[in-house]
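The values are calculated or read from the model by the stated rules, or taken from the named source; none is laboratory data. All figures in this text were calculated on a predicted structure; none of them were measured in a lab. Glycine also receives a Cβ, built like all others from the backbone with ideal geometry; neighbour counts cover every protein chain displayed.
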Amino acid sequence: MITVNNLVKNFNNLQVLRGISCHIKPQEVVVVIGPSGSGKSTFLRCLNQLETATSGEIIIDGVTITDPKTDLNAVRQEVGMVFQRFNLFPHMTALQNVSLAPMKVRKQSKKEAEDLAMSLLQRVGLEDKAHQYPEKLSGGQQQRVAIARALAMRPKIMLFDEPTSALDPEMVGEVLEVMKNLALEGMTMVIVSHEMGFAREVGDRVFFMDEGLIVEEGKPAQLFYNPQNPRTQAFLSKIL
Amino acid sequence: MDFRIEVVTKYLPMLLQGMKMTVQLTSIAVTAGTIIGLFISLLRLSRFKPLVWLARAYVDFLRGTPLLVQIFLVHYGLPRLLGTNSISPDISGSIALCINSGAYTAEIFRAGIQSIDRGQMEAARSLGMTYAQAMYYIILPQAFKRCIPPLGNEFIAMLKDSSLVSVIALRELTQSGRIMLTRSFRPIETWLTVALLYLIMTLTISQLVSYLERRFAKDDHGE
Ligand SMILES: Nc1ncnc2c1ncn2[C@@H]1O[C@H](COP(=O)(O)OP(=O)(O)OP(=O)(O)O)[C@@H](O)[C@H]1O
Ligand SMILES: [Mg+2]
């Protein structure tokens, strides 16, 4: 589903990704962990080309998205993204947030798009909040709307960048629950998160990133309890 | 001090004519200025360097030179450039004010657009929207709301600055005041009345702006 070959990303003189290669299978759930500044967000943002790669190759569903000739708007329709700070559109209701892209990008009728949006809001448990503006919603609710918004494009892959780290602790569970259901339904997911319990339960594989490289990867149980690389060990000893 | 009210009443209709011209002139300038300003600000924020430079040159030139000089330049320079006879002051005055207002408005829009969190554009693009769609549906509606107070200030500034076109004998309020003075020889009556008429206009606008601000603030809460 996703193949990354020797991905490098520089910001001016700073090399943030220093040659990442990996392969993610359809329906796989990959959790990315690593210290702050290790390039997790940058890696994720390269996967939908919110950041253009400096060099290397990313192939998603057979399309080489790092090729300058690729239509990125088409690619992004297949790759949903959920942000740490939700980034809901504050001037639109939950329903409008979810139905906008299907209408404007997929050219669905208003009725079609709103029906779809309503069913997605139902799926994340928020059909009663459809006509609320984001500022009237709790963080957990906003993040669930954001997930519904991404799902409305019917993506093949979902990217999550620390989806629960801006939330109050009591709201983390409701968002993880939605993500878990997505995983069970077979969505291919790449998740930057330090929720170890979630990673163990839902993740198929964990990548440990440090200084712009995937230093170690493995099954959650193996990587968390029997890390091989000293840097993984040092990092896990700090957060577990 | 003897203030002769009958002088005021005698010339008031003429001043009101001038006032009407001032309102028209300012409305045209601000409306066209808003369109020009939006366009220039989008160029300024685009990724194409030549367009960015063009937009910057426009803004820097018009904000860095006196409006009075710009009015002269348009009124006396433009006919030479086009090889035509002189232009009527109504036209050249309006053109000068529109162009000038566009530069200030461009900066207002640029600041407004840049004040919107980067995450909004990213969220929109990540859904597959084009840059233009993201601007139109997501960024500009939020930016416009923040631009209302500075646009109101620009409107008021433009209304006052429009008095400068009196130098090319465009009969707006200040020019009407000059005519009243040459006929009545009553400077106090003349300029106090003119000042009062400007004040009425500026106060009206600031009321209007704060009303709009409140309305849009309410919209934000979804009420
Ligand atoms: N737009 C940018 N311009 C310049 N430098 C950037 C930019 N974005 C990220 N960086 C730098 O790249 C490095 C990696 O950032 P990134 O956000 O990918 O790290 P991260 O692993 O997600 O960290 P965190 O856990 O804090 O979110 C950091 O040193 C950061 O300062
Ligand atoms: Mg990050």
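Just give me the residues in the stretch A:187-201 being out of contact with any Ser or Thr (no Cβ under 9 Å at 6 or more places or on another chain) and modelled with pLDDT under 95, in sequence order.
A:196, A:197, A:200, A:201
Looking at the stretch A:80-96, which of its residues are more than 7 Å from chain B (Cβ to nearest Cβ), assigned to a loop (DSSP other than H, G, I, E, B) and within 19 Å of residue A:127 (Cβ to Cβ)? Result: A:86, A:88, A:92. Among the numbered conditions (1) under 23 Å from the mean Cα position of the chain (by Cα); (2) touching a residue at least 24 places away in the same chain (Cβ under 8 Å); (3) within 29 Å of residue B:89 (Cα to Cα), tell me where residue B:188 comes up short. With respect to (1) under 23 Å from the mean Cα position of the chain (by Cα); (2) touching a residue at least 24 places away in the same chain (Cβ under 8 Å); (3) within 29 Å of residue B:89 (Cα to Cα), residue B:188 is out only on (1). Residues that are of a type in the set (Val, Ile, Thr) and surrounded by fewer than 24 Cβ atoms within 10 Å (Cβ to Cβ) were ranked within the stretch A:70-79; the one that is nearest to the other protein chains (Cβ to nearest Cβ) is A:75.
Being more than 8 Å from chain B (Cβ to nearest Cβ), part of a loop (DSSP other than H, G, I, E, B) and either away from ligand 1 (no atom under 16 Å from the Cβ) or at pLDDT 95 or above (or both) holds for only one residue in A:67, A:128, and it is A:67.
At negative phi and assigned to a loop (DSSP other than H, G, I, E, B) - does that describe any residue in the stretch A:108-121?
Of the residues in the stretch A:108-121, the ones at negative phi are A:108-121.
Now restrict to residues that are assigned to a loop (DSSP other than H, G, I, E, B): A:108-109.
Checked against the condition, which is being at negative phi and assigned to a loop (DSSP other than H, G, I, E, B), the stretch A:108-121 yields at least one hit.
Of all residues in the stretch A:12-36, those being touching a residue at least 24 places away in the same chain (Cβ under 8 Å), within 16 Å of ligand 1 (Cβ to nearest atom) and assigned to a strand (DSSP E or B) number 11.
Among A:106, A:149, which is farther than 28 Å from residue B:217 by Cα and either touching a helix residue (DSSP H, G or I) at 6+ places or on another chain (Cβ under 9 Å) or within 12 Å of chain B (Cβ to nearest Cβ) (or both)? Let's see the steps before the verdict.
Numbers: A:149 fails: farther than 28 Å from residue B:217 by Cα.
Matching residue, one of A:106, A:149: A:106.
Restricting B:105, B:31 to residues that are crowded, with 21+ Cβ neighbours inside 10 Å and β-branched (Val, Ile, Thr) narrows the list to B:105. Of everything in the stretch A:150-174 that's assigned to a helix (DSSP H, G or I) and over 13 Å from the mean Cα position of the chain (by Cα), which residue is nearest to ligand 2 (Cβ to nearest atom)? Among residues in the stretch A:150-174 that are assigned to a helix (DSSP H, G or I) and over 13 Å from the mean Cα position of the chain (by Cα), the one nearest to ligand 2 (Cβ to nearest atom) is A:172. Considering the stretch A:131-141, and only residues there that are assigned to a loop (DSSP other than H, G, I, E, B) and not aromatic (Phe, Trp, Tyr), the residue that is farthest from the other protein chains (Cβ to nearest Cβ) turns out to be A:138. The set of residues in the stretch A:1-11 being assigned to a strand (DSSP E or B) and more than 12 Å from ligand 1 (Cβ to nearest atom) consists of A:2, A:3, A:4, A:5, A:6, A:7, A:8.
Taking the listed residues B:166, B:176, B:94, the one that is under 29 Å from residue B:212 (Cα atoms) and in a helix (DSSP H, G or I) is B:94, with no other qualifying.
So how many residues does the stretch A:175-202 have that are part of a helix (DSSP H, G or I) and of a type in the set (S, T, N, Q)? Result for the stretch A:175-202: 1.
How many residues are outside any loop (DSSP other than H, G, I, E, B), within 11 Å of ligand 1 (Cβ to nearest atom) and within 14 Å of chain B (Cβ to nearest Cβ) when one looks only at the stretch A:37-58?
Here is the first cut: in the stretch A:37-58, the ones outside any loop (DSSP other than H, G, I, E, B) are A:40-47, A:55-58.
When the remaining residues are screened for being within 11 Å of ligand 1 (Cβ to nearest atom), the result is A:40-46.
With the extra rule that they be within 14 Å of chain B (Cβ to nearest Cβ), the set shrinks to A:41-42, A:44-46.
Matching residues across the stretch A:37-58 total 5.
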